[in-house]
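All remarks here apply to the structure that follows.
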Amino acid sequence: MSLALAGTLHAALSLNEIVAKYPDIPRLIIIKTDVQRRGIHYTERALSIVDPAIHQIRSPYLFGSRDGAIKPLPESLLLRDGTTIFVDPTPLEQNPYQVDLVEGRLALVDNGEVVEFVRLWEKPLYYDQKTSSGIPMSHIASARPQRLNIFQSSYCHFWAEQKGCRFCDIVNHNKQQKHELGVPVRLKPEDVSETIREALKEPGRFTNICLTAGSVLKGKDLFDHEVDYYIETLLAIGENFATKKFPSELISSAFNEKQLIRLYEQTGIMSYTSDLEVLNEEKFNWICPGKADTLGYNEWKKRLIRAVDIFGKGNVGTGLVGGVELAKPYGFGSENEALEATFEEAESLAVNGVTTFFIVWVPRPGSDFRGQQNPSLEYFVRLASGLHQIRAKYRLSIDFNDYRRCGNHPDTDLSRLL
Ligand code: SF4
């Protein structure tokens, strides 16, 4: 039995109890996971030292935040070992961690106790620039500490048929973002090319470019228009590189072989992710009705496996919204059952060269699952440990989506232990 399945869950354990119970998992990764699980609230004292000339203020994002608001708060946090915490501001009544000023430094505080000191993300230089068409470059590429995100289109066709994934708030959030900030719903390739060119001038900052957007169902073959648009954007990004390939990840719908070959051969893309979101067919059918109706769980899986022949082992992955498999009322009845099912499926993908990683499920107010409670910290620690162990067992690299290139997956943070 793996470490991840060895635990017996009773009452939820505290952060310190989990740290003591799982000595193989670094304390800072456990803290990151819990902060992502519970969210944060900045005190007025903490906000008094935020300097928008230095610190990155929240920039446009594909999905909304746990408080459903768009406010000029700091983008997010870093722990002292460089671990990224990608976390939302959260209403106080949901019991988030507090970010407070303690002895002149920012700290994560829980029940009046300092858990860890933290740093704010630094604003990249290009955030102060505009494109020739007059759009703030921060609206074209959102920065993480070492990655550039391009959200080329913020509409998802599954929503048009009321079949969006139940944890997702993409369309509601992007309407709000367009209305309040004027963020374009669809990016022009020339604006993307110009922004990437400017961002890359900052020495040593960015190690990867990630493209993602909502699904586009139109075209001769399902998703053809989505593929065409990605190719157009990737070619525009590629204008800034001397080599054909550049460090990059595409997170998209599950494309057929012909579409994947076009993408790989015509552009600089190097890795491919298509999210199954939940590793169980019955839960997938309930949680992702649009994906289930258009392709179905098994075809989605088959397409991921076929992508390994094109992109290579270690360059194809699938993302999970970790914890959503326990959503009410039709999710798994227990955390043990959910972990067992998830690991079995993740292993069946790993055997075929596809790696699985997760983000921590945050029940967002703009989603169908608003108001639900995500699982215990112990669940997420066991999920991270189990997915990491599967990756290690099958010698799957996660270089394209690790703590530096992404920073949003507790399980891929563990790749530093290998
Ligand atoms: S595919 Fe699902 S998760 Fe992705 S944008 Fe569409 S509705 Fe949201």
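Quick look at the numbers
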read-out	value
Accessible carbon and sulfur surface of segment 130-274 relative to its total accessible area, %, 1.4 Å	53
Descending semi-axes in Å of the chain, equivalent ellipsoid built from Cα gyration tensor	30, 28, 20
Per residue, in Å², the accessible surface of segment 213-327 once ligands and nucleic acids are set aside, probe 1.4 Å	35
Accessible heavy-atom area order of 179, 173, highest first, probe of 1.4 Å	179, 173
Nearest-10 value in Å² for the accessible area of residue 364, using the 1.4 Å probe	50
Cross-link reach list, lysines versus residue 301, counting only Cα pairs under 28 Å and skipping chain neighbours closer than eight places	163, 218, 220, 245, 258, 283, 291, 313, 328, 393
Extended-chain gain in nm, criterion 0.36 nm per residue less alpha-carbon gap, residue 225 and residue 336	35.9 nm
Accessible heavy-atom area order of 14, 367, 132, highest first, probe of 1.4 Å	132, 14, 367
Accessible-area composition of segment 39-124, carbon plus sulfur, in percent [1.4 Å probe]	49
Beta bridges per DSSP with both ends in the chain, % antiparallel, nearest 5	45
Solvent-accessible heavy-atom area per residue, rounded to whole Å², over segment 39-124 at 1.4 Å	46
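The values are calculated or read from the model by the stated rules, or taken from the named source; none is laboratory data. Every value quoted in this text rests on a predicted model; they were computed, and no experiment measured them. What goes into the accessible areas is simple: the full protein's heavy atoms, side chains included, and nothing from ligands, DNA or RNA. Shrake-Rupley method; radii C 1.70, N 1.55, O 1.52, S 1.80 Å.
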